[in-house]
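The structure appears below as structure tokens.
What follows is calculated from the coordinates using simple rules that are stated; it is not laboratory data. What you see is a predicted model, and the numbers here were worked out from it, not measured in a lab. Glycine also receives a Cβ, built like all others from the backbone with ideal geometry; neighbour counts cover every protein chain displayed.
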Amino acid sequence: MTRDLSDANWYKSSYSQSGGDCVEVAHLDGGMVGVRDSKNASGPALTFTPAAWDTFTARVDNGEFTRP
């Protein structure tokens with residue numbers, strides 16, 4: 001399914017630095033969450049269900065994606 005995300009309000013983390021490797025996130029209708037590469041704003045974006053996004057962010061908070 002393709003969603004029109006042209007009117008989405010995208011934002012970056014306050015930890016983001018200009019010119020860095022960043023992602024942008026948008027809260028979409030129905031609780032969906034969009035994620036895109038900040039360096040390629042017109043490129044593809046991923047969309048997540050609320051449950052999938054909550055699971056992902058909880059795992060990030062738990063350090064499960066920290067590099068060894």
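Residues in segment 6-26 that are of a type outside the set (S, T, N, Q), surrounded by fewer than 15 Cβ atoms within 10 Å (Cβ to Cβ) and either out of contact with any Ser or Thr (no Cβ under 7 Å at 6 or more places or on another chain) or in a strand (DSSP E or B) (or both): Asp7, Tyr11, Tyr15, Gly19, Gly20, Asp21. Among the conditions (1) loosely packed, with under 12 Cβ neighbours inside 10 Å; (2) outside any loop (DSSP other than H, G, I, E, B), the only one that Trp53 does not satisfy is (1). Of note, Thr47 satisfies the criterion of being surrounded by 15 or more Cβ atoms within 10 Å (Cβ to Cβ) and of a type in the set (Ser, Thr, Tyr). Taking the listed residues Arg67, Arg3, Arg36, the one that is among the basic types (Lys, Arg) and either assigned to a helix (DSSP H, G or I) or touching a residue at least 40 places away in the same chain (Cβ under 8 Å) (or both) is Arg3, with no other qualifying.
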